[in-house]
Structures are given as C-alpha cells and as structure tokens.
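Down below is the structure, laid out as structure tokens.
The values are calculated or read from the model by the stated rules, or taken from the named source; none is laboratory data. Nothing here was measured: the structure is a model prediction, and the numbers come from that model. In this analysis, Cβ positions are derived from the backbone assuming ideal geometry, glycine residues included, and neighbour counts consider all displayed protein chains. Accessible surface areas use protein heavy atoms only, side chains included; no ligands, DNA or RNA. Shrake-Rupley method; radii C 1.70, N 1.55, O 1.52, S 1.80 Å.
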Amino acid sequence: MSEQNEVVIDNQLVRNRANERYKEGFYTDIESVTIPPGLNEETIRLISAKKKEPEWLLEYRLNAYREWLKMPTPDWAKLKVPEIDFQAISYYSSPKTKAENAPKSLDEVDPKILETYEKLGVPLHERERLAGVAVDAVFDSVSVGTTFRKELAEAGVIFCSFSEAVQDHPELVREHLGTVVPPRDNYFAALNAAVFSDGSFVYIPKDTRCPMELSTYFRINANHTGQFERTLIIAEPGSHVSYLEGCTAPMRDENQLHAAVVELIAKDEANIKYSTVQNWYPGDEDGKGGIYNFVTKRGNCAGKNSKISWTQVETGSAITWKYPSCILRGDNSSGEFYSVALTNNYQQADTGTKMIHLGKNTKSTIISKGISVGKSQNSYRGLVRVAKRADHAKNFTQCDSLLIGKECGAHTFPYTESANMTAQVEHEATTSKISEDQMNYCLQRGIPEEEAISLIVDGFCKQVFKELPMEFAVEAKALLDVSLEGAIG
Amino acid sequence: MLEIKNIHAKAGDKDILKNLNLTVKPGEVHAIMGPNGSGKSTLGNLLAGMPHVQATEGSVSFKGKDLLELEPEERAGEGVFLAFQYPVEIPGVNNMYFLRTAYNAQRKYRGQDGIDSAGFMRMVKDKIKQLHMKDDLLKRPVNVGFSGGEKKRNEVFQMAVLEPTLAILDETDSGLDIDALKIVADGVNQLRSEDRSFIIITHYQRLLDYIEPDYVHVLADGEIVKSGTKKLALELEEQGYGWLDV
Ligand SMILES: Nc1ncnc2c1ncn2[C@@H]1O[C@H](COP(=O)(O)OP(=O)(O)OP(=O)(O)O)[C@@H](O)[C@H]1O
Ligand SMILES: [Mg+2]
C-alpha cells in the first residue's frame, strides 16, 4: 500500500525495551484455587461444574476426552518434543476472588491482578486504558475482566469471556463451537475441547464495523498448570473486526503446556483480521524451561467474498506447533497468512498454514519469514489444497529464511495438492544469511553490530510488520530485539 | 589529520598494499588513481576498518588516534566516511530510517543526544534540496532497486548528512551521466571546508575538472608510485599508466 503505512519504528523505544530481558517473566503472588493435577473424566466434570455449564457442553467435553484417549501424539513435525505427563498438570487454576464470586465489574478485580496487567503494559483501569483497544484479560484459567463492554454493546458487538458467552449466549456458542475445529481434528484440539477453561468470545452483527480493536491478553501465572483457552469469533454478513492476541508467562525451569483452539467464522462479505504477538517464556539460554505451545487456529471463510487474515509474530515458547489456516469455502473468498517466527537458543518452531480452496475464484497469500539464531530450529510447513470445484483458485506463497549464526537450522516444507487445472499456485523461497557486506555497510555508517542486526532483521520482516496494527508493530519489533539478544558472536 | 606510514596490508589472504605512505592535512583533497586491481579500494577499506583488510605492518593515525585500533563503527563516529564502490542493498530498511539510525549512532558515540524523526526529516529535506536530488530516494529501501547512478548519489547524500571529517569516495563517479557527475561533484564541493578532507578514488580526470584536488597520487601494485598536482591527472588521461613504468 502507500508509503505512509510503512512501519518506521522509533529505535529509542525499541532500545528501552530491548534492555529489559524477558521483563514479563515475573510471578504474581496471589491466592489461587488450583485443582489437583491429573486428568480423567472427573477432572472434566469438575471444570464444567465450576463453570456451571449446560449439560450439552459437558457432553461435548467428555466426547472429546474419549476421542483424545484414542489418539496418538502427533510426530510428523520437525520438533523434538519430550514426553508430556498429562497427569502432572493441573487443568484449572483461578485467582481466588474470581473463583468465589466472579466480578462483573473491573472494580472488583483483585488489585494485584490489575497491577500485573499494568506491568505488562495492558492497563485495564478505566482511566489508563489503551485508546481504541478493548481488552479481555485471561489470567491462568479464567477471564478476569473485559474493558469497553458498554461501548461495544452499543454497537451490538458481543465481546466477553468464553465462560460468560456460554451463560449469556448459549445458542450462539452451541451453533458454532467446533464447527471449524472439530474435537477430533487433532490430538491437541481434542485435549483442548475436553479441558478448555476460558478464552474470548466475539460476535459482530450484520453490517457492523467493530468500533475498536478487540484484544485478549493471555497470562499464565500459576505453576504446574496448563492453559487451555478457546476463542470463537463470529462475523455476520458484511461485518468487520480486527482482533489482537498477546501472551506471556513467568520464567520458570519447568515446561508448561499451552494448547489453545481458535475458531473464526466469516460469513458473506465479512472480514476478520487476527493478529498475534506470541511471547510465551522461551526457556533460558540452555534450553531449560519455557512454554510448549500447541495451538490449532483455523478460520472458515464460509460466505462469499469473505476474508480472513492471520498475522503472527512468534518469538516465544520453547516449542511452537501452530498452523493458522483458512478454509476458503465461499466463492471469491480470500485468506492471508503473514508470519514472522524467530527462534533463538534451543527454541524449536514448526509453524505455517493451510489454505484449503473449496470455492471458485478463491485467493490465498502466504508470506512467511523465519529467523533462526543460536542453536534453534525453525521450520515452515504449509499446505495449499485446491479442490476440484475451486475454479481459478490462486495462491501465492513466499517463504524466506534468515540464519544468524552457524548452529541453527531453517527448513521449509511446502505441500501443494491441486485437483483443478485452472488453479494458479506460485511458490518462492529464499534462505539467506545476513551478508557480511550488509553488516559492513552498517558498521561503516557508525551503526554498531547489535543495532545493525536488528535493523536488517526488521527490514527482513517488513512485509509482515506492516500488516500489524501500529501499537502491535512497535511491540513486535521490540520483542524481536529482545529475542535477538546474544545473536552476535 | 591522517598519517599513513609504511603500511603493508592484506585483502583476504593476499598481500596488496606495500609500504604505502600518505599524509592528508585538514581541508585537503587527494585524488588517487591507478590501474584496476592496484589496491585503491583496499586502501579505502583499510581506513574504514572493513574486516577483510588487515594491516600487517605500519601505522595509521587519524586526528592523533591510532586508527587501526578502532572498530569500524568507532571510526565512523570519529568522522571517517567511505562511499563504497559497490553500495550494498538492505531490503525492507527505509533509507531515511537507516540514515537516522546511523546519524544517531554517531552522535551517541560522540556523547551527543539523538535527534527525533521530525527534526531529522527537516534537516534531510534541506540537504536533499541543496544537493538537487529528488526526495523519493528517502522512502525507498536502502539501495534496493536503485540504478547504478542512484546508488552513487545516495552515497553522496549520506555523506552530506553525516558530515564526516574524512570522506573517502571510491569511484563515486563511475557510471554517472554528466548531470549526475555534476551533482556528485557539487555535493563534495559544498562540503569542502578547512577542517574536512577528502580522498577521491577515480579513474577519470573528468571528475577532477569539477573537484579540484590538491594532490594526485598514482597507486600501482599496492604502492604509491607517483604523486603530483592536478597536472598529473591530465598527463595520465592522455598517456595512460604505461609511461610510469608500472
Ligand atoms: N577479500 C579479498 N580476498 C582476496 N583478494 C582480494 C580481496 N579483496 C580484494 N582482493 C584483491 O586485491 C587486489 C586489489 O583490489 P582492489 O579492489 O583494492 O583494487 P582497485 O584498485 O580498487 O581496483 P578497481 O580499479 O578495479 O576498483 C585485487 O587483485 C583483488 O582481487
Ligand atoms: Mg576499487
């Protein structure tokens, strides 16, 4: 687009941030109610009872659990995943105040929690809120508050925690839940369907442009717990919404599991833009600790001329397994995937997308930028499938990898399956190192090595960064700089 | 300002410069000419601290400091600027942003405060106007898709913004049309001052019609084989390097 949209980020701000190494790694000492570790049908009944769920939802969970028991752990990704002891994890933890009496207003939220979000740069208070961004704050297993509810309600937009949606809009939840990612879809989706605790729910009515950005900030705080959240976004015909997701966790030696499911539904002419800045604790320089991030994100472009766009900046987690995808069902619908995945130290990422072209004249764009530093391994895995009746489907894929250092790896696994002769599928891939010439050029101009790497990496990611809302772009750039720490030498 | 004494240097693992001596005083313009492969760029790279060039003998002092001891970015901070013979492309990095990063990094090195983007923008727009260049060059990624001439002009533009004390121009005139050549020469002449020196590497006397050098040196096989005034460049233009017996 025009040059004015170009993201030029103030380096000072970035530098300030970069000096604080995983500053989100603190722990909030708060009384919480955590159920004992272990997973069986009783656990699921307990979670469901805590949430006062209707019978159908409990059944949904139990069915998913029974499916899950029968499924093998997936092993096709280029990841070394240590065996996860599902019995050692607690599946539900919530701050005490919340558990006993769910606050309806933010005034009732424990000040320590408010303070936590403030420290994370996401103030929830009326006075200091981020302008133009409504936030749903998820703390361990529960949503602790959602801002700007009134303003959104006036526009007819529903933005609340998943649990509230189950209570207040059960028919909407029941109609759409699991329609994009069925419980049987994969191992981690099945697990999530069985034990999910909270997440966000968004409903944009017909012909409505959501008046502000919606966002969810996921925070894992308690130890020995997993976070299993569920997000559902429904965009009625002709509606528009932009949704942001951020996440952090304390620094710990243990590995913690995060297995989320996100479902997006875009009806005729609807438009959903979903952006993620994923900054789960990545583990330390020796590969100790960090979040295992197994996420299923999928959007259904159900209606004609609908559009779903995924943008992700993945810098955190010890292991990332994530393929935000689009099912392009409606004629003329389009899907986009813009991704920056940076791995450092011993981090492993296997991420990419699936674009499933079912409707005629459907279009998909994939721009993936992988950056590997240290001893990390970074893989792009993508599938473009064109069904028989998807006449004139079009895909463009560009996968670029940047290696910093000699011990890291970048891998690309693009798969294409086309059953229609009129399909146009284009794929470009590059792997490069930061060239010595580029480095020398920067140095000669007086730019020190660390700043030069950050500058070159920023340039490498530009195509993706410009898809992010401005506040997020700044955050993303800062994160990248923190994550690049130690890239030299 | 600059004193190169008895320098021997390697490019990669090849010995290139041999017993090279050169003194540049503040305000002087020195032209360096010489056949392809004689070591002109190697000299520029040595002064700028490019890692593939290493001195094996001799010394270089710059404003009283041992230049060879300084890191390349420190040399830049001290005021050494090299306009590269082959400017490098940096995809996705906005030219203006790159330059501001450089500008502020150099200021920081000198213990000065950085300049904000609005202030920098104003300064840069002024420079562009003075240099009779077009400002669309600011918005584009560093050298990406620039024509040969545009790249060279961009180097001169960067020089004008960074205001070095020692500017080394490595064949900045090569591949320029006559208008561009005037623009480049004009850029240098505008910057000429009592306390700023230039080393201008060129193959063509033509440039020296516009930028009058105080001295002309001929570099052959890693050594300065002849030094003189502007007249030397004219003789070289007419007779080539053969008569120097190199
Ligand atoms: N990194 C390197 N490793 C090995 N040899 C090198 C390296 N860099 C330059 N050289 C060699 O050093 C010699 C001098 O090169 P240099 O670039 O300094 O010449 P020059 O005088 O600038 O030539 P031109 O007029 O063609 O620009 C050449 O033979 C070149 O091949
Ligand atoms: Mg040369």
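Need one number: nm distance between label points at B:Glu194 and B:Met121, each 7 Å from Cα along Cα→Cβ, rounded to one decimal. Inter-label distance under the simple model: 3.7 nm. Express the Stokes-Einstein translational diffusion coefficient of the stretch A:136-223 in µm² s⁻¹, to the nearest whole number, given a Kirkwood radius over alpha-carbon pairs, 37 °C and a viscosity of 0.692 mPa s. Roughly 232 µm²/s, to the nearest whole number. Legend: translational diffusion of the stretch B:11-136 by Stokes-Einstein, Rh = Kirkwood radius over C-alpha pairs, 37 °C, 0.692 mPa s; D = 192 µm²/s. Shape class for the stretch A:29-322, computed from the alpha carbon gyration tensor (a ≥ b ≥ c): rounded, with a/c under 1.5. Label sites at B:Asp177 and A:Lys150, each approximated as a point 7 angstrom past Cα along Cα to Cβ, lie 6.5 nm apart. Which residues in the stretch B:1-35 place their backbone N less than 11 Å from a point set 7 Å from the Cα of B:Glu57 along the Cα-to-Cβ direction? Answer for this model: B:6-9, B:18-20. I need the Debye-formula profile for the stretch A:396-489: one equal scatterer per C-alpha, no solvent, reported as log10 I(q)/I(0) at q = 0.11, 0.15, 0.23 1/Å, two decimals. For the requested q values the scattering log ratios are -0.44, -0.74, -1.28. For the stretch A:29-322, carbon and sulfur atoms together expose 49% of the accessible surface, with a 1.4 angstrom probe and every protein chain in place. Rg/Rh, computed from the Cα trace of the stretch B:2-244 with Rh as the Kirkwood radius, has the value 0.95. Accessible surface comparison of A:Glu263, A:Glu254, probe 1.4 Å, protein chains only, largest first: the order is A:Glu254, A:Glu263.
Potential lengthening of the chain between A:Tyr415 and A:Ser432 amounts to 4.0 nm, from the contour at 0.36 nm per residue minus the alpha-carbon distance.
Restrict the search to the stretch B:120-161; then list the trypsin sites (Lys or Arg not before Pro) that DSSP places in a loop and that have at most 13 other Cβ atoms within 10 Å of their Cβ. Please list the in-between numbers first.
Working: sites: B:Arg122, B:Lys125, B:Lys127, B:Lys129, B:Lys134, B:Lys139, B:Lys151, B:Lys152, B:Arg153; in loops: B:Lys134.
Qualifying residues, ordered by number: B:Lys134.
Normalising the average separation of contacting C-alpha pairs (under 8 angstrom, six or more residues apart) by the number of residues puts the relative contact order of chain B at 27 percent. Annotation: amide H of B:Ile16 within the under-5 Å range of B:Ala9, B:Lys10, B:Ala11, sequence separation 5 or more or interchain, hydrogens built in the peptide plane. Three principal axis extents describe the C-alpha atoms of the protein assembly as shown; from largest down they are 100, 57, 47 Å.
So what is the relative contact order of chain A, in percent, for Cα pairs below 8 Å that sit 6 or more residues apart? The normalised contact order for chain A reaches 11 percent. Of the residues A:Leu114, A:Gly145, A:Cys461, the one whose Cα sits farthest toward the positive end of the charge dipole of chain A, with +1 on the Cβ of Lys and Arg and -1 on the Cβ of Asp and Glu, is A:Cys461. Among B:Asp173, B:Asp135, B:Asp13, the residue with the largest mean-square fluctuation in a Gaussian network model of chain B, with springs joining Cα atoms closer than 10 Å, is B:Asp13. Applying a DSSP loop filter and a limit of 14 other Cβ atoms within 10 Å to the GluC sites (Glu not before Pro) in the stretch A:384-433 leaves A:Glu407.
A probe of 1.4 angstrom, applied to the heavy atoms of all protein chains, finds A:Thr116 with accessible area near 0 square angstrom.
Of the whole protein surface, B:Asp126 contributes about 90 Å² of accessible area at a 1.4 Å probe radius. Placing dummy labels 7 Å off each Cα toward the beta-carbon, the span from A:Lys52 to A:Arg184 is 3.4 nm. Label zone of A:Lys388 (point 7 Å out along Cα→Cβ, amide N under 14 Å): in the stretch A:408-423 this covers A:418-421.
Applying 1/(1 + (r/R0)^6) with R0 = 45 Å to the Cβ-Cβ distance of A:Glu450 and B:Thr229, what FRET efficiency is obtained, to the nearest 0.05? Before the final figure, lay out the partial values.
Values: r = 45 Å, r/R0 = 1.01.
Approximately 0.50, to the nearest 0.05.
Ranked by accessible surface with a 1.4 Å probe, highest first, in what order do B:His217, A:His169 come? Working shown, then result.
Details: B:His217 15, A:His169 45 Å².
Listed by decreasing accessible area, they come as A:His169, B:His217.
In chain A, helical runs assigned H by DSSP with n ≥ 4 each contribute -39500 (n - 2.57); averaged across all residues and rounded to the nearest 500, the mean residue ellipticity at 222 nm is -7000 deg cm²/dmol.
Computed with a 1.4 Å probe over protein heavy atoms only, the accessible area of B:Asp177 comes to about 90 Å².
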